[in-house]
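So the structure is just underneath, and the comments pick up after that.
Throughout, read-outs are computed from the coordinates displayed, never taken from laboratory work. For clarity, every value in this text was computed on a predicted model and none was experimentally measured. Positions of Cβ are generated from backbone atoms using ideal geometry, with glycine treated the same way; all protein chains shown enter the neighbour counts.
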Amino acid sequence: MDKKVLIIGTGLGGLTTALRLAKRGFKVEMLEKIDRPGGRLNQLKKDGFTFDMAPSFFSMSYEFDEFAEDCGIELPFEFVPLDPLYTVNFAESDKRYVIYRDLKKLANEFKDIEPDFERKMTAYLDSAGKFFHDSVDLVIKRNFDSKLDYLLTLAKVPWGHAPKMIRNVWQELDRYFDSEEVKQVFSLVAFFLGATPFDTPALYSLLSYTELVHDGYHNVKGGMYKIVEGLVDELEKENVKIHYNTEIVDFRDNGQGLKTLLDQNGKEWQADDFIVNGDAAAFRGNVFRREKYSKKKLDKQKWTLAPFTMYLGVKGKIDNIDHHNYFLGTNFKDYANKIFKNDVSLKKPYYYVNAISKFNDNAAPEGHENLFVLVPVPDLRNKPDWADTEELANNVIQDLSERVDYDIQNNLASKTVLNPEQWAGFLNLYQGSGLGLAHDLNQIGAFRPSNKDEKYDNVFYVGSSTVPGTGLPMAVISSKLVTERITKKYGTV
């Protein structure tokens, strides 16, 4: 195969697509805006600490196994299954709920607030599991060439699942559980999608099934960035070159289709086919200048929450914190309903903490902790001014210190804060949205921006704002789908 493919972006979707195509004989070259690969799956090294910058665990590990088999390689990184999965902490309460995969141990955590928990959770997971197995191969793992094709495929999913299309995650949980705390804990899967349980379709209750029954959650030995490093090593074996500090900002159409993209320095990049591992909607608007994807129209779309992240190196060991932790307040529904529009105070925000040093000793100097803090916040449409960045950071540090009974502020050895404005500039995240387009019913499947360009038959998209959706396993599936598009085009196997 003498066809050249140029991939714009080196996130997980781009890296896995590059290796799939290189193994099929395509000549592959990659461009990356910043000075290192990985996209959101990145790493920060500072003051002797090593931080995973965004994703900190994942499910559906078998998608990586399928990818390795497809490429004929051994996975160049090692999975480590998590159990317990995470802990959930409620404000004004000393109780921490530890989320185990073992339902009997899990039921014991909630015995005081949810009688008959094991039976209720078994019923909930059975329903979610049936939907997962009835839909994932049929709907998620395939390409669609039209909305009609998609709708006809949906019609093949057993109609008993239809109510999950009209209920939200919270309403689905409400059918099984009475305790507000239990519903809050198991609705957190919606936040993994960058949304809330009140605006996420109940079909995503399948995420509870994947975490507790189907595959669980995993980390990677040595840190999540080992995924990127391992894939780059494999790409080097295939002579795939990555050009860093290179951002595509324009294109050239000579009337005979797309053959050239231009970077920020005016340099021309040519190929037979182009794959965009950036935001599939924003790229169409910003680079191809499509009216359908103009800023005015994109701003009317539903986007995921933005990330406000902190990377804290702390002197001493913190006993009252685990590997993965959620810290919730006392006004869950009100907070969730108002956070998108910036109508709720961020003085006491909800947040997630990954104490990486509890899992990976090399992430921090001896006798120190390494904390990654993620606060889901409004995107730049609803909160364009982040002059209060330091204030919010200090609020979270103070709140966390009180809740784990450790003076973090006065024991800081390293501190880095990134607000949505910085994330937007760093990785071209549209309006600072952390995970791209949200997963409303009118923004999933064939209603999501296609992974095949509507004008150019040699432009494709892989990643979060195209099919099948957001998350590490979805990026791997996305790479499979776009690879199928290209190999079908050339009739290769």
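Listed by chain and number, the lysines placed with their C-alpha closer than 22 angstrom to that of Lys111 are Lys95, Lys120, Lys183; residues fewer than eight positions away on the same chain are left out. For the chain, hydrophobic long helices are taken as DSSP H runs at least 18 Å long by C-alpha position along their axis with mean Kyte-Doolittle hydropathy of 0.0 or more; these are 472-490.
Highest average first, the peptides 425-438, 34-47 ordered by how many other beta carbon atoms sit within 10 Å of their residues are 425-438, 34-47. Think of segment 102-215 as having a plus end and a minus end, set by charges on the Cβ of Lys, Arg, Asp and Glu; of Ala190, Val157, Gly129, Val157 sits farthest toward the positive end of this dipole. Pairs with C-alpha atoms separated by more than 18 Å, drawn from the list Lys292/Lys452; Lys259/Lys295; Lys267/Lys489; Lys33/Lys302, are Lys259/Lys295; Lys267/Lys489; Lys33/Lys302. In vacuo Debye scattering of segment 102-215, one point per C-alpha: log10 I(q)/I(0) at q = 0.10, 0.13 Å⁻¹? Ignoring solvent entirely, the Cα scatterers give -0.31, -0.52. How large is log10 of I(q)/I(0) for the chain at q = 0.09, 0.13 Å⁻¹ when the intensity is taken from the Debye formula with one equal scatterer per alpha-carbon? Cα-only, vacuum Debye calculation for the chain: -0.61, -1.33. With a ≥ b ≥ c taken as the square roots of the eigenvalues of the C-alpha gyration tensor of segment 165-310, please select rounded if a/c is under 1.5 and otherwise prolate if a/b is larger than b/c or oblate if it is not? Oblate is the answer for segment 165-310, as a/c is 1.5 or above yet b/c matches or exceeds a/b.
Diffusion coefficient (Stokes-Einstein, Kirkwood radius over C-alpha pairs, 20 °C, 1.002 mPa s) for segment 342-493: 115 µm²/s, rounded to a whole number. The listed peptides 102-110, 149-157, ordered by packing as a protection proxy, come out as 102-110, 149-157 (highest mean of other Cβ atoms within 10 Å first). Residues whose amide H falls under 5 Å from that of Val28, counting only those 5 or more places apart or on a different chain, are Val5, with hydrogens built in the peptide plane.
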